[in-house]
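Structure first, then comments.
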Amino acid sequence: MTRQMEGVYLTGHGGPEVLEWREDVPVPTPGPGQVLVRVAAAGVNNTDINTRIGWYSSDVTESTDAVDQQVDAGGWGGALHFPRIQGGDLCGIVEEAGPGAAFKPGQRVTCPINLPRPGPGRPHGFIALGSEIDGAFAQYCLVDAGDLYDVTASPLSDVEIAAIPCAFGTAENLLTRAGVSAGHTVLITGASGGVGLAAVQLAALRGATVWGVTSAAKADVVKAQGASATFDRDAQLPKDMFDVVIDVVGGSAWPDLILALKPGGHYAVSGAIAGPIVSADLRDIYLRDITIHGCTHQPPEVFGRLVVLMNAGQIRPLISKTYPLRDIVQAQEDFMSKTLPGKLVLIP
């Protein structure tokens, strides 16, 4: 008889009504090179909500909180197969290892949300946990052994580790692509969110001087993670001040972010919660030698560096609240309200 587990099915693109709590989800069986992981905790991310509402479709031009239309191909890689178990942030315990998988039951593991899958003509090919394959919003998750990392030795809690893969992985990738190093002055938008706070912490760890864009109510939280100072979201940004801009917001403020860069500066983007369609004066880019980095594909060494930091206890995400997995709708509503800084985490 097939074992069953509790989990949340995404049954299509739409509002919270497309999230279906189930208690009869088949527990997957690990094949060669695969590992069955018992989920200990799973973080909540923008990508979960963006995928649910179909925001990744090119037909959608609004901000995340303004989407009100039906789409067919709304996943990272186009059309999804439903039902899908979402959840790209995983911390779990190895339950069973398939043949050839170099893991043992009891090991604590995690993995990146972006799983490299290069192929002919696709050197930056990838799939996403919780998008192209089932993720962590269930009691068990099936993962290829090559995508897993052992974090048994980390002093961080299960909840803290579950808050790292998407936010810190995205942030570390942005900083890597933009070449952030000691002595740089860096501006980070959305600085009180999961990716923003991770970028603040990681940029400060690299020796950069960090400024964040956030609300006045969350400025102290951002500074506590390593920012030297903050700008209010509606403030006029100074021109020619920053070596690097790390952006996850986009929207109407985009032209000011480009002008805030010094000539020769780097702009790196991995999100657009305020809107994906922006206005640009190309002269502000090419006459000032601005380099733009679009960042999604993550080479394995990016997450590998995070694992070293996790196991050494050198990074620690801010957790605002945890929820039972069956309360996923409430967790996503709280996430979208943007009233809580840092990360929200679900517990199966």
- [ ] Calculate the dipole size of the chain relative to its Cα centre from +1 charges on Lys and Arg beta carbons and -1 charges on Asp and Glu beta carbons; express the result in debye to the nearest 20.
- [x] 840 debye
Task: Zone residues, the stretch 255-277, relative to ALA235, backbone N less than 19 Å from point 7 Å out along Cα-to-Cβ - done: 255-262
Open item on the list: If I fit a long axis through the Cα atoms of helix 165-178 and take the longest principal axis of the Cα atoms of the chain, what angle between them do I get, 0 to 90°, rounded to 10?
Closed with: 40 degrees
Open item on the list: Per 0.36 nm of contour for each residue apart, how much would the distance between ASP59 and GLU333 grow if the chain were fully extended, relative to their Cα-Cα spacing?
Closed with: 96.3 nm
- [ ] Work out the count of Lys pairs in the chain where the Cα-Cα distance is under 14 Å, with the pair 8 or more places apart or on different chains.
- [x] 5
- [ ] Report the label-to-label distance for THR29 and ARG122 in nanometres (one decimal), using points 7 Å from each Cα along the Cα→Cβ vector.
- [x] 2.8 nm
- [ ] Could you tell me which of PRO116, ALA73, MET336 has its Cα farthest along the dipole of the chain towards the positive end, charges placed at Cβ (Lys, Arg +1; Asp, Glu -1), taken about the Cα centre?
- [x] PRO116
Open item on the list: For a quick check, take a GNM of the chain with Cα springs below 10 Å and name the residue from ASN311, ASN114, ASN173 with the largest mean-square fluctuation.
Closed with: ASN311
Task: Within-15-Å neighbourhood charge of THR209 [Cβ basis; K, R +1; D, E -1] - done: +2
- [ ] Take every DSSP beta bridge with both residues inside the chain and express the antiparallel ones as a percent of the total, to the nearest 5.
- [x] 55 percent
TODO: Any chance you could list P(r) for the chain, counting all Cα-Cα pairs in 20 angstrom bins from zero, rounded to whole %?
DONE: 31, 59, 9, 0
Open item on the list: Can I get the semi-axes of the stretch 255-344's equivalent ellipsoid? Compute them from the C-alpha gyration tensor as square roots of 5 times the eigenvalues, in angstrom, largest first.
Closed with: 33, 21, 12
Open item on the list: Counting heavy atoms of the protein chains only and a 1.4 Å probe, report the per residue accessible area for the stretch 102-250 as a whole number of Å².
Closed with: 36 Å²
TODO: Measure off, as a whole percent, the carbon and sulfur share of the 1.4 Å-probe accessible area of the chain, all protein chains present.
DONE: 52 percent
TODO: Would you please give the FRET efficiency between LYS262 and ALA153, computed as 1/(1 + (r/R0)^6) with r the Cβ-Cβ distance and R0 = 56 Å, to the nearest 0.05?
DONE: 0.85
- [ ] State the extension gain, in nm to one decimal, for the chain segment bounded by ILE347 and LYS321, taking 0.36 nm per residue of separation less the distance between their alpha-carbons.
- [x] 8.3 nm
Open item on the list: Rounded to whole Å, give me the distance from the Cα center of the stretch 227-301 to that of the stretch 71-141.
Closed with: 30 Å
Open item on the list: Students often get this wrong: which residues of the stretch 1-31 have the backbone nitrogen under 15 Å from the point 7 angstrom along Cα-to-C-beta of ASP72?
Closed with: 13
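The values are calculated or read from the model by the stated rules, or taken from the named source; none is laboratory data. This structure is a prediction, so every number in the text was calculated from the model and none was measured. Backbone-built Cβ (ideal geometry, glycine too); neighbour counts: all protein chains shown. Side chains included, ligands, DNA and RNA excluded: accessible areas come from the protein's heavy atoms. Shrake-Rupley method; radii C 1.70, N 1.55, O 1.52, S 1.80 Å.
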